[in-house]
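What follows is a single structure, written as structure tokens, with notes after it.
The values are calculated or read from the model by the stated rules, or taken from the named source; none is laboratory data. Because the structure is predicted, anything quoted here is derived from the model rather than measured. Counting neighbours? That spans all protein chains shown, and the Cβs are built from the backbone with ideal geometry, glycine included.
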Amino acid sequence: MGDSATLTRILSTPLKALNDSDWEALCDQCGRCCLIKLEDEQTNEVFYTNVVCRLYDIEKGCCSDYANRKQFVPDCVVIKSFSDEIYSQLPKTCAYRLRYNNEALPQWHPLVGGGKQRMQQDDISIKNRAVSEEFIHQEQLEDHIIDDIQ
């Protein structure tokens, strides 16, 4: 089971008022936000690829330089610094999106008690399921669109 005091605090505090520690604890570190997305300019529909940011460590399942990521990847999205409209653009399983919409965190979420292994079993984490953008040419991205992430 996750830390119930932390979970209670995070769920009872407005998202924008979470301290940095609680904000980071809310993140399940699935890596889905690190996947490269393509947008249809005519419909604004967003398509996920299985191609991940070059800083993402696919074997460990986390950013290899989280603290300095904006220096190396200037367009990296720092969710906390965006307006509320960012939440609708996050994956439907994202804890920030769920929390913003006052929805319950899923059983696999580390704060609820699922942990990393449960996330992997439920195919939530992209660990070992993605390919680094270092190995994919920009023109090949459309060939890497996946449909199991929304």
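Brief remarks follow.
- Residue 118 among the basic types (Lys, Arg) and in contact (Cβ under 8 Å) with a residue 40 or more places away in the chain: no
- Close Cβ contacts (under 8 Å, 6 or more residues apart or on different chains) running from residues in the range 77-101 that are in contact (Cβ under 8 Å) with a residue 40 or more places away in the chain to residues that are exposed (fewer than 15 other Cβ atoms within 10 Å of the Cβ) and among the polar types (S, T, N, Q) comprise 91/150; 92/150.
- If you filter the range 56-90 down to residues that are within 14 Å of the chain's Cα centre (by Cα) and of a type in the set (A, V, I, L, M), you find that the one that is surrounded by the fewest Cβ atoms within 10 Å (Cβ to Cβ) is 78.
- Conditions (1) in contact with a Ser or Thr (Cβ under 9 Å, 6 or more places away or on another chain); (2) within 20 Å of residue 19 (Cα to Cα); (3) aliphatic (A, V, I, L, M): number failed by residue 145: (2)
- The single condition among (1) free of Cβ contacts under 8 Å to residues at least 24 places away in the same chain; (2) aliphatic (A, V, I, L, M); (3) in contact with a Cys (Cβ under 9 Å, 6 or more places away or on another chain) that residue 52 does not meet is (1).
- In the range 37-49, the residues that are under 26 Å from residue 106 (Cβ atoms) and either under 11 Å from the mean Cα position of the chain (by Cα) or free of Cβ contacts under 8 Å to residues at least 24 places away in the same chain (or both): 37, 45
- The range 109-150, residues that are in contact with a strand residue (DSSP E or B) (Cβ under 7 Å, 6 or more places away or on another chain), of a type in the set (A, V, I, L, M) and crowded, with 16+ Cβ neighbours inside 10 Å: 126, 130, 136, 141, 149
- Within the range 77-126, the set of residues being of a type in the set (A, V, I, L, M) and either touching a Cys at 6+ places or on another chain (Cβ under 8 Å) or assigned to a loop (DSSP other than H, G, I, E, B) (or both) comprises 77, 78, 79, 90, 95, 104, 105, 111, 112, 119, 124, 126.
- Consider the range 80-107 and keep the residues that are of a type in the set (Phe, Trp, Tyr) and modelled with pLDDT of 90 or more. The one that is nearest to residue 14 (Cα to Cα) is 100.
- For residue 96, the conditions (1) surrounded by fewer than 17 Cβ atoms within 10 Å (Cβ to Cβ); (2) under 30 Å from residue 136 (Cα atoms) all hold with the exception of (1).
- Criterion (closer than 20 Å to residue 17 by Cα and of a type outside the set (Lys, Arg)) met by exactly one of 45, 103, 41: 103
- Qualifying residue in the range 121-137 (condition: hydrophobic (A, V, I, L, M, F, W, C) and free of Cβ contacts under 8 Å to residues at least 24 places away in the same chain): yes
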